[in-house]
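Participant: Just passing along the structure, written as structure tokens.
The values are calculated or read from the model by the stated rules, or taken from the named source; none is laboratory data. Quick caveat, the model's predicted, so the values are computed rather than measured. All Cβ positions, glycine included, derive from the backbone under ideal geometry; neighbour counts span all protein chains shown. To get the accessible areas, we keep the full protein, side chains included, count just its heavy atoms, and leave off ligands, DNA and RNA. Shrake-Rupley method; radii C 1.70, N 1.55, O 1.52, S 1.80 Å.
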Amino acid sequence: MADHDVDLFVIGAGSGGVRAARIASSYGARVMIAEEFRVGGTCVIRGCVPKKLLVYASRFSAEFEDAAGFGWTVPQPTFHWPALIANKDSEIARLEAAYISTLERFNVKLVRTRAVLEDAHTVRLTTGARVRAETILIATGATPYHGAQIAGLEHVISSNEAFHLKQLPARILIQGGGYIAVEFAGIFAGLGTEVTLVYRGENILRGFDDDLREHLRGEMVKRGIKIITKQTVAAIEKVDHGYDVGLSDNEQVMTDLVMFATGRKPNVHGLGLEAAGVKLGKTGGIAVDEFSKTTVENIYAVGDVTNRVNLTPVAIREGHAFADTVYGGKPTPVDHANVPTAVFSEPELGVIGLTETQAREQLAKVDVYKTSFRPMKATLSGRDTRGFMKLLVDGSTDRVVGCHIAGADAGELIQMVGVAVKMGATKADFDATMAVHPTAAEELVTMREKAASYDRAAAE
Ligand code: NDP
């Protein structure tokens, strides 16, 4: 131990790295953490947190419109983008400071520098200083990836820049059909921007339940978002007033801003992984076992850099489990099954478990329950919108294996459904639960009629 400067060196002070550093330190480890950008990582600085603040901002426009049906007269509201961005920035600065003071409180030494592995126990800082560590944790996250080189790619922004625009664009073209694309489409549309979303596949949110995808797409269109599928952006030309965007089928779209949300790549380059002997997995992330250990005995990796389930709470759980395993004497594998997730699109989505397609592939019998309904609030507001909920049930065991929700507060709802699903609740348990009336969530415990039933044995 004497030839080590620290017990643990963490590279990257994002959600996973900070949690691991703090818990390891609380177990008595001497911990150093390096961060080359801002403390807090993607989620706090340019991800979940600022995104959710922008989502809140974007939803007021519909609230103002809806108010009329409830008797309110709202003077023509106006929106000031720079005020939103400034307020958001000060909240992010507050959170960053809170993260830093947490590290200080836990005696974690923070070094504001890039850190590169020289070998399995040595980290080199930008200053040239070398730190010897008994254990190293890589938590460097991921970075936006723009896909193939096309003409005019230099004009494209990612979500990173979207948080710092000087002004709100009148028109935006967003390429992508994943979380970030649909969330930012909703944000910009809600704030009054004319949004065109270009997606290469048949329908947005590949990997989500097909009914949910269809529902969200319809609702986005109702909110004025133009969705172009089976197309990619082929070229972008700067013109006098914005950009002339050429699509793969030769269609042209004029816009003021082009944003790509075409996925993120694990931050593995230039880290010295080869020098230390750390190997990558098939998906381009650092290969790890269930305890987040890499191919090198004393080097671990957590969060998006491992490209497992790229969500903040998962990175936090992985970081915590790492510290429990290595310093707490409690070997803790992370269970990546049944992770609830929300998409803060408009309307919001909440999801856990299997999609209908997955359920039919994996289970011998599947019962499908679903409902589409007019939310009560829409009756007086007159808004043309519907809610959607779907339960997938294992027909052999009656266990609820999937839940898919679209509508207000779907993210809040799925957190609680997540507890039930994780506990192995059956459809009978859902049915036995008294409804809370009048809510949208009561649909979850009052769906009685099967929309479909599949029995593989009977079909064969
Ligand atoms: P996603 O992987 O979710 O989506 C990427 C999208 O870009 C897909 O629609 C994909 O199409 C498309 N795409 C990929 N490559 C190309 C290409 N070369 N040309 C055209 N289209 C392309 O990534 P995001 O960037 O949206 O988000 C990254 C991750 O961050 C998410 O997967 C999620 O894990 C996390 N995240 C979570 C949030 C939340 O919890 N609410 C919010 C934001 C991000 P295809 O489907 O055909 O592959």
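Participant: For segment 273-381, what does the relative contact order come out to in percent, with C-alpha contacts under 8 Å and a separation of six or more?
Facilitator: Value for segment 273-381: 14 percent.
Participant: Under 10 °C and 1.306 mPa s, how fast does segment 269-318 diffuse according to Stokes-Einstein, given a Kirkwood radius computed over C-alpha pairs? Answer in µm²/s, whole number.
Facilitator: Result for D is 145 µm²/s.
Participant: Carbon and sulfur atoms: what percent of the 1.4 Å accessible area of the chain do they account for?
Facilitator: Result for the chain: 53 percent of the exposed heavy-atom area is carbon or sulfur.
Participant: From Cα pairs below 8 angstrom and at least 6 apart in sequence, can you work out the relative contact order of segment 327-366, rounded to a whole percent?
Facilitator: 25 percent.
Participant: On to the next question. Find the Cα radius of gyration of segment 197-335, compare it with 2.2 N^0.38 Å by division, and give the number to two decimals.
Facilitator: The value comes to 1.46.
Participant: How many Å³ per residue does the convex hull of the Cα positions in segment 307-443 occupy?
Facilitator: Cα convex hull per residue, to the nearest whole number: 138 Å³.
Participant: Whole percent per 5 Å bin, from 0 to the bin with the longest distance: what is P(r) over all C-alpha pairs of segment 211-288?
Facilitator: Final binned percentages: 3, 11, 14, 13, 12, 11, 12, 12, 8, 4, 1.
Participant: Given the pairs LYS88/LYS222; LYS88/LYS265; LYS166/LYS238; LYS88/LYS238; LYS265/LYS293, which span a C-alpha to C-alpha distance of over 23 angstrom in this model?
Facilitator: As for pairs spanning more than 23 Å Cα to Cα, those are LYS88/LYS222; LYS88/LYS265; LYS88/LYS238.
Participant: What net charge is computed for the residues neighbouring ALA425, neighbours being all others with C-beta under 13 Å from the C-beta of ALA425, Lys and Arg scored +1, Asp and Glu -1?
Facilitator: Once positives and negatives cancel, what remains is -1.
Participant: Another question, if that's okay. Under the definition of Cα pairs under 8 Å and six or more residues apart, what whole-number percent is the relative contact order of the chain?
Facilitator: It comes to 16 percent, rounded to a whole number.
Participant: What ranking do 173-181, 105-113, 327-335, 254-262 get when scored by the average of other Cβ atoms within 10 Å per residue, highest first?
Facilitator: 173-181, 254-262, 105-113, 327-335
Participant: With Rg and the Kirkwood Rh both taken from Cα atoms, where does Rg over Rh land for segment 106-193?
Facilitator: Rounded to two decimals, Rg over Rh is 1.15.
Participant: At 27 Å minimum axial length over the Cα atoms and a Kyte-Doolittle cut of -1.0, report the qualifying DSSP H helices in the chain, or say none.
Facilitator: Length and hydropathy pass: 48-67, 81-105.
Participant: With every protein chain left in place, what is the accessible area per residue of the chain in square angstrom, probe 1.4 Å?
Facilitator: I get 47 Å² per residue for the chain.
Participant: Which value in deg cm²/dmol, rounded to the nearest 500, describes the helix-derived mean residue ellipticity at 222 nm for the chain, given -39,500 (n - 2.57) per DSSP H run of n ≥ 4 and division by the residue count?
Facilitator: Per the formula, -10000 deg cm²/dmol.
Participant: Cα atoms only, segment 243-299: Rg and Dmax in Å?
Facilitator: For segment 243-299, the Cα-based Rg and Dmax read 19.3, 53 Å.
Participant: Now a separate question. Please list the three semi-axes, largest first and in whole Å, of the ellipsoid equivalent to segment 59-126, using sqrt of 5 times the eigenvalues of its alpha carbon gyration tensor.
Facilitator: Ellipsoid semi-axes (Å, largest first): 48, 14, 11.
Participant: Okay, moving on. Å³ per residue of the Cα convex hull, for segment 369-460?
Facilitator: For segment 369-460, the hull spanned by Cα atoms encloses 104 Å³ per residue.
Participant: In square nanometres, what is the average projected area of the Cα convex hull of segment 142-193?
Facilitator: 4.2 nm²
Participant: Peptides 68-74, 282-288, 350-356: what's the order by average Cβ count within 10 Å, highest mean first?
Facilitator: 350-356, 282-288, 68-74
Participant: Which whole number of Å³ per residue matches the convex hull of the alpha-carbon atoms in the chain?
Facilitator: 178 Å³
Participant: Compute the semi-axes of the equivalent ellipsoid of segment 149-244, taking the square root of 5 times each eigenvalue of the Cα gyration tensor, and list them largest first in whole Å.
Facilitator: Taking √(5λ) for each eigenvalue gives 23, 16, 12 Å, largest first.
Participant: Please compute one quarter of the surface area of the Cα convex hull for segment 1-154 and express it in square nanometres.
Facilitator: Its Cα hull, projected and averaged over all orientations, spans 14.5 nm².
Participant: Order of 372-382, 308-318, 407-417, 13-23 by packing, highest average Cβ count within 10 Å first?
Facilitator: Going by the mean number of other Cβ atoms within 10 Å, highest first, we get 13-23, 308-318, 407-417, 372-382.
Participant: Using the Kirkwood radius over C-alpha pairs as Rh, can you work out the diffusion coefficient of segment 1-55 via Stokes-Einstein at 25 °C, viscosity 0.890 mPa s, in µm² per second?
Facilitator: For the chosen part, D equals 200 µm²/s.
Participant: Can I ask one more? Could you tell me what a quarter of the Cα convex hull surface of segment 273-377 works out to, in nm² with one decimal place?
Facilitator: Its average projected convex-hull area is 10.3 nm².
Participant: Would you give the gap between the C-alpha center of segment 1-71 and the C-alpha center of segment 323-346, rounded to a whole Å?
Facilitator: Computed from Cα coordinates, the inter-centre distance equals 15 Å.
Participant: Can I ask one more? Express in whole angstrom the spacing between the alpha-carbon centres of segment 218-289 and segment 347-424.
Facilitator: Between the Cα centres of segment 218-289 and segment 347-424 lies a distance of 29 Å.
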